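Visitor: First the structure, which I've put down as structure tokens, then a few questions once you've had a look.
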């Protein structure tokens, strides 16, 4: 059955995050825990950094972080061409093993105020960062999808039996490096036609906009979407998720599994909560490790 391969260091997984860095990402998106207004770019950077930290925690064992995943982050909009946006010691790299991602975190400490038994208390919090907020130029999303395709062609060649790579695209607008919607859709379809022995590449799109429009998260048909051409385009671009994903989503969102035959990897008009949920679910399924596999790895030293 497709999308059933468990993750191990011999059968590692892959995630590529595509991050819109166009100038519109500088618009307000919400407030943080202290009530300070934050931009779309800042909210996305914070959510993605937290997701990477969580992935590292899932790969942590007694002897350190095991290389269950390779990670890539492609930014598009800082210049007129997309590029992998690792910084410092990882600058210039594409897909990076999760242990190296962990080793190259920028660790910071800051104070937060929490209320305990009605009394405010100051706590020091340690956070890890790999990506900073950027909101600069245009939206070369088509180029970002093409760069992801070229990168994953090589990755799949080296990992032909692994769980299929997952690509998560976070954007607030339409690509401006295409001549038509059909061109963007065609590029996305070429990406999702790539496959390992366990299934096709999964493309999950998260459209963020803020405002009062209701978020549509993991729809199963276009009738759930607003009457918006771009929403329908993103729906067509997004992958139909696996049965494992569908079961998790139905449980989290209290949906009837039997009456939800399919689910697309899409959030439209996502707010901060929907963004975090999409990143969590999009990265969660591929890290369900088999107890039997874990035992085998431990026995032969490959775990």
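Just so you know, all these numbers are worked out from the coordinates, no wet-lab data involved. Just so you know, these numbers come straight off a predicted model, no measurement behind them. Neighbour counts run over all protein chains shown; Cβ positions are idealised from the backbone, glycine included.
Visitor: Taking region 152-229 on its own, what percent of its Cα-Cα pair distances exceed 21 Å?
Guide: 42 percent
Visitor: Restricting things to Cα coordinates, could you compute the convex hull volume per residue of region 153-283 in Å³? Please report the intermediate quantities before stating the final value.
Guide: Numbers: hull volume 14.8 nm³, N = 131.
Convex hull volume per residue, Cα atoms: 113 Å³.
Visitor: If you don't mind, there's one more thing I want to ask. Just want to confirm a number: the relative contact order over region 62-203, from Cα pairs under 8 angstrom separated by 6+ residues, in percent. Mind showing how you got there, number by number?
Guide: Details: 207 pairs, mean separation 31.2, N = 142.
Contact order relative to length: 22 percent.
Visitor: How much length, in nm to one decimal, is gained on full extension between residue 26 and residue 107, taken as 0.36 nm per residue of separation minus their Cα-Cα distance?
Guide: Values: separation 81, 0.36 × 81 = 29.16 nm, distance 2.44 nm.
Gain in length upon complete extension: 26.7 nm.
Visitor: With just the Cα atoms of region 113-155, tell me how far they stretch along each of the three principal axes, in Å, largest first.
Guide: The Cα atoms of region 113-155 stretch 54, 28, 15 Å along the principal axes, largest first.
Visitor: Could you tell me whether region 17-172 comes out rounded, prolate or oblate from its Cα gyration tensor? Rule is a ≥ b ≥ c as square roots of the eigenvalues, rounded for a/c under 1.5, then prolate if a/b exceeds b/c, otherwise oblate. Walk me through the intermediate numbers first.
Guide: Working: a/c = 2.43, a/b = 1.28, b/c = 1.90.
Since a/c reaches 1.5 but b/c is at least a/b, the shape of region 17-172 is classed as oblate.
Visitor: Just the number, please: Stokes-Einstein D of region 37-102 in µm²/s, Kirkwood Rh from C-alpha pairs, 20 °C, 1.002 mPa s. Mind dumping the intermediate values first?
Guide: Values: Rh = 13.2 Å.
It comes out at roughly 163 µm²/s.
Visitor: Also, quick follow-up: If you bin every alpha carbon distance in region 210-261 into 10 Å steps from zero, what whole percent lands in each bin?
Guide: Result, from short to long distances: 22, 49, 28, 1 percent.
Visitor: While we're on this one: How big is region 84-207 on each of its three principal axes, counting only the C-alpha atoms and giving the largest first in Å?
Guide: Principal axes ranked by extent give 56, 34, 31 Å for the Cα atoms.
Visitor: Could you work out the relative contact order of the chain, using alpha carbon pairs under 8 angstrom and six or more residues apart, expressed as a whole percent?
Guide: On the way: 592 pairs, mean separation 67.8, N = 303.
Computed value for the chain: 22 percent relative contact order.
Visitor: So, one more: Could you give the radius of gyration (one decimal) and Dmax (whole number) of the Cα atoms in the chain, in Å?
Guide: Taking only Cα atoms of the chain, I get Rg and Dmax of 19.2, 59 Å.
Visitor: Can I ask one more? Round to the nearest 0.05 the FRET efficiency obtained for residue 157 and residue 252 when R0 = 45 Å and r is the Cβ-Cβ distance. The partial results should precede the final answer.
Guide: Values: r = 35 Å, r/R0 = 0.77.
About 0.85, to the nearest 0.05.
Visitor: Also, I was wondering about something else. Project the alpha carbons of region 1-58 onto their principal axes and report the range along each, largest first, in whole Å.
Guide: 44, 25, 19
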